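The values are calculated or read from the model by the stated rules, or taken from the named source; none is laboratory data. Since we're looking at a predicted model, the values are computed, not measured. Cβ coordinates were reconstructed from backbone atoms using ideal geometry, including for glycine residues, and neighbour counts include every protein chain displayed.
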Amino acid sequence: MAPDFLKFLRGSSKSGAAHSAAARAAVRTQRSSSGLKEFSKHIGPDEPRVILDLGPTSPANLMRLTGMGHKVYNEDLLMASIDPRYLVKREDGKLDLSPQSFFTDSLVFDEASLDAVLAWDLPDYLPEPLVKPMVDRLHRALKPGGVLLGFFHTREAGSEAPYHRYHITGTETLDVQVVERFKLARVFNNRHIENLFHDFKSVKFFLARDHFREVLVVR
């Protein structure tokens, strides 16, 4: 078989794979969320709130929340965590992610300045050195009584469970969109989640489909 034809086939395969990944990323699946329903009750439309969205930027979230009169910040921490600026060289020459360097630029909020945080499924994918420092910073930044919504995979989801982008479509409904770039880093059980949010006032679990645990944490 001619080399040029083999090259064409290889190119077509790569192009097809890229197209398939793009197609999967474009698909949105709607889901109901008891955790979002409870979160919506806490933020309400009655008075302006300050809300932090830690997922990939979603125009739908920004429009919906600002349309209710809330002020919204967005920080895509997972994307920021792969920035090579935050790597430091160890004595053996290997590179490590530096939480100190990372949080110089991320989650820079005054104490008790946030009313609510949308953490989505970020804790399952964030590099290990950043997880506990992130929670500590959010605890400091949230007002007493402030809330955090997180989604946690169960083991049944499997090691290839994809990261997601979440678009709020109602008080208890979401459009869920796969983000192909990131792999599951860990699976928390209920005890791990409770320990992670040990300094918070309460941790409430909601049953969810698709091998998720939805968690609402109150500061």
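Structure notes:
- Output for the stretch 154-175, where each listed residue is under 16 Å from Asp124 (Cα atoms) and more than 12 Å from the chain's Cα centre (by Cα): Thr154, Arg155, Glu156, Ala157, Gly158, Ser159, Glu160, Ala161
- Selection of first residues in the stretch 200-213 that are more than 16 Å from Leu174 (Cβ to Cβ) and of second residues that are of a type in the set (D, E, K, R) and in a loop (DSSP other than H, G, I, E, B), restricted to Cβ pairs under 8 Å at least 6 apart or on distinct chains, gives the following pairs, ordered by first then second residue: Phe200/Arg219; Lys201/Arg219.
Residues are listed down the side, and each one gets a yes or a no for (1) in a strand (DSSP E or B); (2) among the hydrophobic types (A, V, I, L, M, F, W, C):
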site: Val147; (1), (2): yes, yes
site: Gly150; (1), (2): yes, no
site: Glu160; (1), (2): no, no
site: Arg165; (1), (2): yes, no
site: Thr171; (1), (2): no, no
site: Leu174; (1), (2): yes, yes
site: Gln177; (1), (2): yes, no
site: Phe182; (1), (2): no, yes
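- Answer from Leu36, Leu65 - the residue that is touching a Leu at 6+ places or on another chain (Cβ under 8 Å) and either farther than 22 Å from Glu111 by Cα or surrounded by 17 or more Cβ atoms within 10 Å (Cβ to Cβ) (or both): Leu36
- Every condition in (1) in a loop (DSSP other than H, G, I, E, B); (2) surrounded by fewer than 21 Cβ atoms within 10 Å (Cβ to Cβ); (3) not aliphatic (A, V, I, L, M) is met by Lys143 except one, and the failing one is (1).
- In the stretch 184-198, the residue that is farthest from the chain's Cα centre (by Cα) out of those that are exposed (fewer than 13 other Cβ atoms within 10 Å of the Cβ) and part of a loop (DSSP other than H, G, I, E, B) is His198.
- Filtered residues of the stretch 69-105 (kept if aliphatic (A, V, I, L, M) and in a loop (DSSP other than H, G, I, E, B)): Ile82
- In the set (1) crowded, with 16+ Cβ neighbours inside 10 Å; (2) touching a Lys or Arg at 6+ places or on another chain (Cβ under 8 Å); (3) charged (D, E, K, R), the condition left unmet by Glu214 is number (2).
- For the stretch 70-117, a residue qualifies if it is modelled with pLDDT of 95 or more and farther than 17 Å from Leu130 by Cα, and the qualifying residues are His70, Lys71, Val72, Tyr73, Asn74, Asp110, Glu111, Ala112, Ser113, Leu114, Asp115, Ala116.
- Candidates in the stretch 106-137 are the residues that are touching a Lys or Arg at 6+ places or on another chain (Cβ under 7 Å) and part of a strand (DSSP E or B); of these, the one that is surrounded by the fewest Cβ atoms within 10 Å (Cβ to Cβ) is Asp115.
- Among residues of the stretch 38-50 that are within 20 Å of Asn74 (Cβ to Cβ), those with a beta-carbon under 6 Å from a residue that is among the basic types (Lys, Arg) and in a loop (DSSP other than H, G, I, E, B) at least six positions away or on a different chain give the pairs Ile43/Arg49.
- Residue match in the stretch 85-99 (condition: within 17 Å of Ala141 (Cβ to Cβ), crowded, with 17+ Cβ neighbours inside 10 Å and not polar (S, T, N, Q)): yes
- Residue satisfying condition, being under 20 Å from Leu52 (Cβ atoms) and among the charged types (D, E, K, R), within set Arg165, Arg186, Arg191: Arg165
- Contact map, the stretch 120-146: residues that are without any contact (Cβ under 8 Å) to a residue 60 or more places away in the chain and of a type in the set (Lys, Arg) paired with residues that are surrounded by fewer than 20 Cβ atoms within 10 Å (Cβ to Cβ) and part of a helix (DSSP H, G or I), Cβ distance under 8 Å, separation 6+ or inter-chain. Pairs shown: Arg137/Phe103.
- Considering residues of the stretch 157-184 that are among the hydrophobic types (A, V, I, L, M, F, W, C) and touching a Pro at 6+ places or on another chain (Cβ under 7 Å) only, the residue modelled with the highest pLDDT: Val178
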